[in-house]
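Please read the structure below before turning to the comments.
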Amino acid sequence: MTPSDSLPTEPIVKTTARILCAALLAGALGEAAGQAHQPPKVTADTYVWEQTENPYSGDAEAIAEGQRLYRSTCYICHGDTGARGPNLRKSKLKGQAFMKIVIQGRKGTQMPAWKGKLTESEMWKIYSFIEAPLP
Ligand code: HEC
């Protein structure tokens, strides 16, 4: 069996697209009907921040990974307690509101959009690190 035998990429792509469409539709309908959000479900690179809560809250491994990511991507501007950008530990932005800024950036400021550079999972891990109590 060659590797291509075990990798039916085309159907997987189609299935993923169908699941995504269904998820988006369900989200829109749920929103319209004023229903409660579904439990958090993060799939790579979907950026559905409107529908998710932090899936890594209190997860030590995710927090450690978030710290590493924060160091390499955010620290240069946000430092440990703020620098060019504000101290994120003191930010009033929680959960989805935080994710929205990280995904889209803030126009007219130096805060860049991270969509396409970090996955949604990585962003939530950074958030977990920021939310975690300092050692
Ligand atoms: C090039 C510098 C730069 C980098 C890199 C950067 N930021 Fe920012 N960020 C800023 C600045 C400047 C602001 C303040 C924008 C404003 O004036 O509203 C900001 C604002 C924010 C805010 C809004 C805070 C609030 O309470 O209003 C969040 C959240 C944020 N950054 C998260 C991140 C994360 C997470 C990373 C790493 C993935 C990151 N930033 C990387 C410069 C940066």
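Readers should treat all values here as calculations from the given coordinates under stated rules, not as data from a laboratory. What you see is a predicted model; the values in this text were computed from it and never measured. No Cβ is skipped: glycine too gets one built from the backbone with ideal geometry, and neighbour counts run over all protein chains shown.
Treat each spin label as a single point 7 Å out from the Cα along the C-beta direction, and report the residue 68 to residue 89 distance in nm.
With each label point 7 Å from Cα toward Cβ, the separation is 2.2 nm.
Give me the orientation-averaged projected area of the Cα convex hull of the stretch 44-131, in nm², one decimal.
If I average the Cα hull's projected area over directions, I get 5.3 nm².
What distance in nm lies between label points placed 7 Å from Cα along the C-beta direction at residue 134 and residue 110?
2.2 nm
Using the count of nearby Cβ atoms within 10 Å as a rough guide to exposure, how do 94, 107 rank from fewest to most?
107, 94
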